[in-house]
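Here's the structure we're looking at; comments come further down.
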Amino acid sequence: MQATAELSRRHPDLRILILTMYDNEQYFFEALKAGASGYVLKSVADRDLVEACRAAMRGEPFLYPGAITALIRNYLDHAADEESSTRVITRREEEILKLVAEGHSSREIADLLVISIKTVERHRANLLQKLGLRDRLELTRYAIRTGLIEP
């Protein structure tokens, strides 16, 4: 991995294929981070090596099928983490925002969600504060802009 990183740093146009016996996600991701163009398992080299070389020469990455699965899983894990960390309002606040924007009163929302009116009002106050809005009309406009409700 160190050699791959050093070669990639010194010669950015160099295409490097990793031929390995390790069918391991950690090694795979380290190879990509180090600058490898492809990752080929020795166990299937007879089948994949020529195609990996051709892909590298075309400037395309080569990944064995298991690596593609690992990449997808990694992407989905990161996407889920990002969504939860960048989410401005909670799911419950979003639910209340939608109902407010649809014109429901606090009493109706409380009855629909089986919560107290005070809880509805607290969620609405949190929404106004978090989103920097002033009133129910601005909440409705926000809900339309973000696609929570249709105009």
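The values are calculated or read from the model by the stated rules, or taken from the named source; none is laboratory data. What you see is a predicted model, and the numbers here were worked out from it, not measured in a lab. Virtual Cβ from ideal backbone geometry, glycine too; neighbours counted across all protein chains shown. Note: accessible area is taken over every heavy atom of the protein model, side chains too, but ligands, DNA and RNA are not part of it. Shrake-Rupley method; radii C 1.70, N 1.55, O 1.52, S 1.80 Å.
With respect to the conditions (1) touching a residue at least 40 places away in the same chain (Cβ under 8 Å); (2) farther than 30 Å from R15 by Cβ, G66 falls short on a single one, namely (2).
Here is a yes/no grid of residues against (1) open to solvent by 90 Å² or more (accessible area, probe 1.4 Å); (2) under 20 Å from V88 (Cβ atoms); (3) not basic (K, R):
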site	(1), (2), (3)
K98	no, yes, no
H104	no, no, yes
A110	no, no, yes
V114	yes, no, yes
L128	no, yes, yes
R145	yes, yes, no
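Exactly one residue out of A56, A45 is in a helix (DSSP H, G or I) and buried (at least 16 other Cβ atoms within 10 Å of the Cβ), and it is A56. Scanning region 1-32 for residues that are farther than 20 Å from L71 by Cβ and open to solvent by less than 90 Å² (accessible area, probe 1.4 Å) returns A3, E6, L7, L14.
Of the residues making up region 33-42, those that are surrounded by 13 or more Cβ atoms within 10 Å (Cβ to Cβ) and within 15 Å of L7 (Cα to Cα) are A34, G35, A36, S37, G38.
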